[in-house]
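Shown next, in structure tokens, is the structure this report addresses.
The values are calculated or read from the model by the stated rules, or taken from the named source; none is laboratory data. Because the structure is a prediction, the values reported are computed rather than measured. Please note: Cβ atoms are built from the backbone with ideal geometry, for glycine as well, and neighbour counts cover all protein chains shown. Only protein heavy atoms, including side chains, enter the accessible area calculation; ligands, DNA and RNA are left aside. Shrake-Rupley method; radii C 1.70, N 1.55, O 1.52, S 1.80 Å.
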Amino acid sequence: MARRRAADQRPVVGIVVGSESDLEIMKESSRVLEEFQVPYELVVSSAHRAPARTQAYARSAAGRGLRVLIAAAGGAAHLAGTLAASTTLPVIGVPIGSSPLGGIDALLSTVQMPGGVPVATMAVGKWGARNAGILAIQILALSAPPLACRLQAFKSSMAAAFEGRGKAR
Ligand code: RP5
């Protein structure tokens, strides 16, 4: 069920995808977590097709040492909300544009959570997947100064990459 990266370290981020078909997009999340050397696990589960397993995953997540969950799903995307209903960990949602509606369905399903059960909802698709990884790192960095330093360097390098671009001659 779970694929674990950085096998010698306990995962602190859990990435949950609603289907194997979401994995290509969610490589963006795992890539950034690997860049920042944040151990994570990757699980395929579904709010609709495997509701009991999804709830069990959310209930056990904090006790297993996870600190942040990232959930990606398309269509009537209830995965992030279902996880958020059963954990006090922060949950980041990534809407996937896998349906004929192109992701607007997943975006609205993920973002429109009722008061009391927040899901931090990212952009649809690859941008959202990458930002989900970065936001997870930002949350972890609040209590991990070395990670905060690496984030600062990341921000500085983005700004440096823009130096000289678009300047009037
Ligand atoms: C959602 O339905 C999944 O997250 C995926 O984006 C979409 C299609 O799933 P498959 O039919 O490819 O398994 O639950």
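Worth pointing out:
- For segment 81-101, a residue qualifies if it is assigned to a loop (DSSP other than H, G, I, E, B), among the hydrophobic types (A, V, I, L, M, F, W, C) and either open to solvent by less than 30 Å² (accessible area, probe 1.4 Å) or in contact with a Cys (Cβ under 6 Å, 6 or more places away or on another chain) (or both), and exactly one does: Leu89.
- Failed item in (1) in contact with a helix residue (DSSP H, G or I) (Cβ under 9 Å, 6 or more places away or on another chain); (2) open to solvent by less than 60 Å² (accessible area, probe 1.4 Å); (3) away from the ligand (no atom under 15 Å from the Cβ), with Ala129 passing the rest: (3)
- Residues in segment 30-51 that are free of Cβ contacts under 8 Å to residues at least 12 places away in the same chain and more than 16 Å from the ligand (Cβ to nearest atom): Glu35 alone.
- Which listed residue, of Gly128, Gly97, Gly103, is among the small types (Gly, Ala, Ser), out of contact with any strand residue (DSSP E or B) (no Cβ under 6 Å at 6 or more places or on another chain) and at pLDDT 95 or above: Gly97
- Failed criterion for Lys27 (all others in (1) within 16 Å of the ligand (Cβ to nearest atom); (2) surrounded by 20 or more Cβ atoms within 10 Å (Cβ to Cβ) hold): (2)
- The set of residues in segment 104-120 being open to solvent by 60 Å² or more (accessible area, probe 1.4 Å) and in contact with a Leu (Cβ under 8 Å, 6 or more places away or on another chain) is empty.
- Residues that are open to solvent by less than 40 Å² (accessible area, probe 1.4 Å) and over 16 Å from Leu107 (Cβ atoms) within segment 48-80 comprise Ala50, Thr54, Tyr57, Ala58, Ala61, Gly65, Leu66, Val68, Leu69, listed in sequence order.
- Strands (runs of 3 or more DSSP E) wholly inside segment 1-75 containing at least 1 residues that are modelled with pLDDT of 95 or more: 13-17, 40-44, 68-74
- Residue satisfying condition, being surrounded by fewer than 17 Cβ atoms within 10 Å (Cβ to Cβ) and either in contact (Cβ under 8 Å) with a residue 60 or more places away in the chain or under 25 Å from Gln37 (Cα atoms) (or both), within set Ala148, Ala136: Ala148
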